[in-house]
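The values are calculated or read from the model by the stated rules, or taken from the named source; none is laboratory data. These numbers come from a predicted model, not from an experiment. Cβ sites come from the backbone with ideal geometry, for glycine too, and all protein chains shown count toward neighbours. All accessible areas refer to the heavy atoms of the entire protein, side chains included, with ligands and DNA or RNA removed. Shrake-Rupley method; radii C 1.70, N 1.55, O 1.52, S 1.80 Å.
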Amino acid sequence: MFQNYTKEFAYNLKLSYPVILGMLGHTFVAFADNIMVGQLGTAELAAVSLGNSFVFIAMSLGIGFSTAITPLVAEADGAKDQAAGKSALKHGLVLCTVLGLSLFGLIQVSKPLIHHMEQPPEVVELALPYLDLVAFSLVPLIIFQAFKQFSDGLSQTKYPMYTTIVANLVNITLNYLLIFGALGFPKMGIVGAAVGTLASRVIMVAFIWYLLKRKEKFAPYVTHFNFRKIEKKVMNKIIGLGFPSALQMFFEVAIFTAAIWLSGVLGKNAQAANQIALNLSSMTFMVGMGLGVAAIVRVGNQKGLRNYKELKRIAESVFFLTLLVEIAFAVIFLLGRHWLPTIYLDVDDIANQADNTEVIIIAAKLLLVAAFFQISDGLQVVVLGALRGLQDVKIPTLITFVAYWLIGFPISYYLGLHTSFESTGIWIGLLSGLTASAVMLYLRFNFLTKKLIED
């Protein structure tokens, strides 16, 4: 029985590992930022967390919309329809550009909110100039996403990976030079980290377009766009698929953002510890995200072929592989929970020793909870991927809203601010929401595939 699934593991990994490395690249940018900024102090680390919390919410909407491109391109590829694939990319690029600019504007308008969120004043003061630059970096990031999702849809997942590696090298170099003022560069602190992020994201767009244009197979797709001819029907299809996907991502990212804000109410050390646990969890989550893309592509291809029995078996092989991988991560978190937080802080800094020690103690408790939510988080994202491959997006959106906001958030809020659990309570709420989401999404997938097979 297991062989039915395990024989698909090699192909699932071949398809997903470049996506995983590319996604990890995005998170590694944040990892490098956090480690370098953490050397400046816990207030600076908390400020990066607070600034990014606004950006993550906007980014979730942009990336969520862009995911609509992948199943459309995968289906067109399965049906050997190049014109439909190119049309999906062209309309996706227009939508992503407009979205990037709109989200940047939205962050600028919502900036005054930061003064009314009961966050530590020193953290707010540091976060504002950082936020301006990182918010603008959303524009190139979301345009890059359109190219990335297109490339993934053609099962060519390695080009976004190469792009992200180059962007990381640029980001880490600029971070080092500008945060600390190395080699005669100005010492800009956390604003230097924002400059590095913006520059690396502009380079990402230019580099992925260059890579795709050079390949004979992709050149017809990515050149000679006629942007004056925009078809309402295609745009509506992308929005119809993309809007629910954006909401799904928004509901999940927003609860993690709420966790950042709730931690800020508890103080800068709780917020810095939350940022460490969140950054570590984000890295393992990217493996689930990569496998989720494999689920979208493989399910989309089988949908194009109308082979529903095979579709169900292949999707379940991705779920099983994800379960095994996430259990391995859970063990790493359990064993390394006291050591991992020390990577982010200067433990020899005598002046900040009390703060740093408290952050490490809180983060170790959060990683204990994070060990278990790895499994739920990974599973819910791959099942969501399979449902996107089926182009089923409306009911899953409702499921994610119920799981995160009617189950997860009330638990986080109550346990975090009204019991002695504090930070750990916030994360118990996150675990509850993710588990509810994984169970309900799987039931939905099971129901739909059974129905398709019977018809």
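The requirement of being of a type in the set (S, T, N, Q), over 14 Å from Gly51 (Cβ atoms), surrounded by fewer than 20 Cβ atoms within 10 Å (Cβ to Cβ) and modelled with pLDDT of 85 or more is fulfilled somewhere in the stretch 98-107, by at least one residue. Taking the stretch 312-341 as the range and being at pLDDT below 90 and more than 20 Å from Met289 (Cα to Cα) as the test, no residue passes. Checking each residue in the stretch 199-222 for being open to solvent by less than 30 Å² (accessible area, probe 1.4 Å) and more than 21 Å from the chain's Cα centre (by Cα) picks out Leu211, Leu212, Phe218, Ala219, Tyr221, Val222. Is one or more of the residues making up the stretch 68-86 surrounded by 21 or more Cβ atoms within 10 Å (Cβ to Cβ), at pLDDT below 90, farther than 21 Å from Leu15 by Cα and not aliphatic (A, V, I, L, M)? No, the conditions are met nowhere in the stretch 68-86. Residues that are among the hydroxyl-bearing types (Ser, Thr, Tyr) number at least 3 in the following helices (runs of 4 or more DSSP H) confined to the stretch 5-101: 9-38, 42-66. Exactly one residue out of Ala277, Ala272, Ala259 is open to solvent by less than 10 Å² (accessible area, probe 1.4 Å), modelled with pLDDT of 90 or more, closer than 17 Å to Ala363 by Cα and in contact with a helix residue (DSSP H, G or I) (Cβ under 7 Å, 6 or more places away or on another chain), and it is Ala277.
Checked against the criterion of being open to solvent by 30 Å² or more (accessible area, probe 1.4 Å) and either on the phi > 0 side of the Ramachandran plot or within 13 Å of the chain's Cα centre (by Cα) (or both), the stretch 26-36 has at least one qualifying residue.
Counting the residues of the stretch 412-455 that are part of a helix (DSSP H, G or I), open to solvent by 60 Å² or more (accessible area, probe 1.4 Å) and closer than 30 Å to Ile360 by Cβ gives 3.
Out of all the residues in the stretch 130-143, is one or more among the polar types (S, T, N, Q), more than 30 Å from Ala258 (Cβ to Cβ) and touching a residue at least 12 places away in the same chain (Cβ under 8 Å)? Checked the stretch 130-143: no residue is among the polar types (S, T, N, Q), more than 30 Å from Ala258 (Cβ to Cβ) and touching a residue at least 12 places away in the same chain (Cβ under 8 Å). Residues of the stretch 365-411 that are open to solvent by 10 Å² or more (accessible area, probe 1.4 Å) and either among the aromatic types (Phe, Trp, Tyr) or in contact with a strand residue (DSSP E or B) (Cβ under 9 Å, 6 or more places away or on another chain) (or both): Phe372, Phe401, Trp405, Phe409.
The set of residues from the stretch 138-181 being assigned to a loop (DSSP other than H, G, I, E, B) and either charged (D, E, K, R) or crowded, with 24+ Cβ neighbours inside 10 Å (or both) comprises just one member, Thr157.
Checked against (1) at pLDDT below 80; (2) closer than 20 Å to Ile238 by Cβ, Met117 passes all but a single condition, namely (2).
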